[in-house]
Amino acid sequence: MKIIQTNMVISITSDAETDLDEVAENYLQIYRKKQHKFALIKIGGDITDDDECFANVVESLAKLNKTGLYPTIVHGGKKQIEKKLIEERSEIKKVNGIRVTDKETLEIVVSELGKITNELVDSINKYGGNAKNLNHERIFEVEKMQPVLNSETNKYVDVQKVGKVIKVNA
């Protein structure tokens, strides 16, 4: 597992071994000194592929929550989304690495991310945390991404229902 920590953001992926209890303790020390109660923690979607790693992550998040801190989780799900898209459609259209997301693709993306969110919330709560699903809270404001210049064809392509975050309503 790989942990990347900056001032207010912690990113967790399954790339290397690490001691989550040590990460949790560091988190506690940093946020108690600064009197922060919240931190954004990015969890790679690949964490859910490894049962032991997943259990360690959610147990650590529950421990943080039980101490009065509120880790806010943002998670990925690229593998799960692409697996489902291939099952449903047999191909994934991308332009310079950006997935072209039509209405049907967006429905699959939302469904797969929702499954991961529910699994995280349920698991954290089983370890004694108080996790909530904030998917419908309008935390992020986004704007539609402008057409992308395809480096292979030198033509602009509308990536459709893809946006970029312009504001966080925290």
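The values are calculated or read from the model by the stated rules, or taken from the named source; none is laboratory data. Quantities reported herein were computed from a predicted structural model and do not represent experimental measurements. Don't worry about glycine lacking a Cβ; one is built from the backbone with ideal geometry, like all the others, and counts go over all protein chains shown. Each accessible area value is taken on the protein alone, full model and side chains, heavy atoms only, with ligands, DNA and RNA left out. Shrake-Rupley method; radii C 1.70, N 1.55, O 1.52, S 1.80 Å.
Given the criterion surrounded by 15 or more Cβ atoms within 10 Å (Cβ to Cβ), in contact with a helix residue (DSSP H, G or I) (Cβ under 6 Å, 6 or more places away or on another chain) and under 29 Å from Y156 (Cα atoms), identify the matching residue among K84, K93.
Working: K93 fails: in contact with a helix residue (DSSP H, G or I) (Cβ under 6 Å, 6 or more places away or on another chain).
Sole residue among the options that is surrounded by 15 or more Cβ atoms within 10 Å (Cβ to Cβ), in contact with a helix residue (DSSP H, G or I) (Cβ under 6 Å, 6 or more places away or on another chain) and under 29 Å from Y156 (Cα atoms): K84.
Take the residues in the range 117-139 that are surrounded by 15 or more Cβ atoms within 10 Å (Cβ to Cβ) and within 14 Å of the chain's Cα centre (by Cα); name whichever of them is nearest to V74 (Cα to Cα).
So in the range 117-139, the residues surrounded by 15 or more Cβ atoms within 10 Å (Cβ to Cβ) come out as 117, 120-121, 123-125, 127, 129, 131.
Remaining after also requiring within 14 Å of the chain's Cα centre (by Cα): 117, 120-121.
On the way: T117: 9, L120: 10, V121: 12 Å.
Out of the qualifying residues, it is T117.
Cβ-Cβ below 8 Å, separation at least six or inter-chain, first residue in the range 151-170 and under 27 Å from H136 (Cβ atoms) and without any contact (Cβ under 8 Å) to a residue 60 or more places away in the chain, second part of a strand (DSSP E or B) and open to solvent by 100 Å² or more (accessible area, probe 1.4 Å): which pairs?
G163/K144; V165/F140; K167/F140; V168/F140; N169/F140
Among the numbered conditions (1) over 25 Å from L40 (Cα atoms); (2) open to solvent by 30 Å² or more (accessible area, probe 1.4 Å); (3) within 20 Å of the chain's Cα centre (by Cα), tell me where I73 comes up short.
Result: I73 fails condition (1) only.
Give the residues of the range 140-152 that are within 25 Å of K93 (Cα to Cα) and open to solvent by 80 Å² or more (accessible area, probe 1.4 Å), sorted by residue number.
V142, E143, K144, Q146, S151, E152, listed by residue number.
Those residues that are over 23 Å from K79 (Cα atoms), surrounded by 18 or more Cβ atoms within 10 Å (Cβ to Cβ) and touching a strand residue (DSSP E or B) at 6+ places or on another chain (Cβ under 8 Å), I need them from the range 37-65; list them, please.
Selection gives A39, L64, N65.
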